[in-house]
1. Just the accessible area for L128, please: 1.4 Å probe, Å², rounded to the nearest 10?
2. What are the radius of gyration and Dmax of the chain, computed over its Cα atoms and given in Å?
3. With a 1.4 Å probe and all protein chains kept in place, how do R68, R92 rank by accessible area, largest first?
4. When the accessible area of the chain is split by element with a 1.4 Å probe, what percent falls to carbon and sulfur?
5. Taking +1 at the Cβ of each Lys and Arg and -1 at the Cβ of each Asp and Glu, which of H84, F21, V48 sits farthest along the dipole of the range 1-96 towards its positive end, judged by Cα position relative to the Cα centre?
6. Convert each backbone phi in the range 93-98 into a coupling constant with the Karplus relation 6.51 cos²θ - 1.76 cosθ + 1.60 (shift: θ = phi - 60°), then list the ³J(HN,Hα) values in order as whole Hz, x for Gly and Pro.
7. Just to make sure I understand: if all protein chains stay in place, what is the order of D112, D85 by accessible area at 1.4 Å, largest first?
8. Would you mind calculating the relative contact order of the chain from Cα pairs under 8 angstrom and at least 6 residues apart, reporting the percent as a whole number?
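The values are calculated or read from the model by the stated rules, or taken from the named source; none is laboratory data. Values in this document were obtained by computation on a predicted structure and should not be read as measured data. Here the Cβ is made from the backbone with ideal geometry for all residues, glycine too, and neighbour counts use every protein chain on show. These accessible areas exclude ligands, DNA and RNA; they are computed on the full protein's heavy atoms, side chains included. Shrake-Rupley method; radii C 1.70, N 1.55, O 1.52, S 1.80 Å.
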Amino acid sequence: MEGFLGNVWDLVLLFFISFAFIAYFITLFSVVVDLFRDESLSGGWKAVWLLFIWFVPFVTLFVYLIARGGGMAARSQAKAQKSHDAAAAYIRDVAGASPADEIAKAKALLADGTISQAEFDAIKAKALA
């Protein structure tokens, strides 16, 4: 019985260590990405942070998250908003004009005499299809 419980706790310890290891690398990657994303920090200070991350990684990550975590969150949020806006603009560009816009444009052209009633009807049918 001792051997089984020992193996179970060894497994729990393995999962905990694996979780901590993966969390450390995710945090490390996030901090390094944030260092390069931060435009307010000069290149020299970025090099200093990277040297400290290289030689004293756990303490440096902890200090960075405390000292610059608010700015890190703001930069991350700004990046996400910029990506969202770019995606929305792309979707609007690809989708083109709405059927109502197409019909309104065609009606204005009909009123100006640029197109005939048959052409207006064709554009309206195409827009509504």
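1. Estimated to the nearest 10 Å², L128 gives 110 Å².
2. Here Rg and the maximum Cα pair distance are 29.3, 94 Å.
3. Reading off the accessible areas and sorting them downward yields R92, R68.
4. 71
5. H84
6. Coupling constants for the range 93-98: 5, 6, 5, x, 7, 6 Hz.
7. Most to least solvent-accessible, the answer reads D112, D85.
8. Numbers: 36 pairs, mean separation 21.0, N = 129.
It rounds to 16 percent for the chain.
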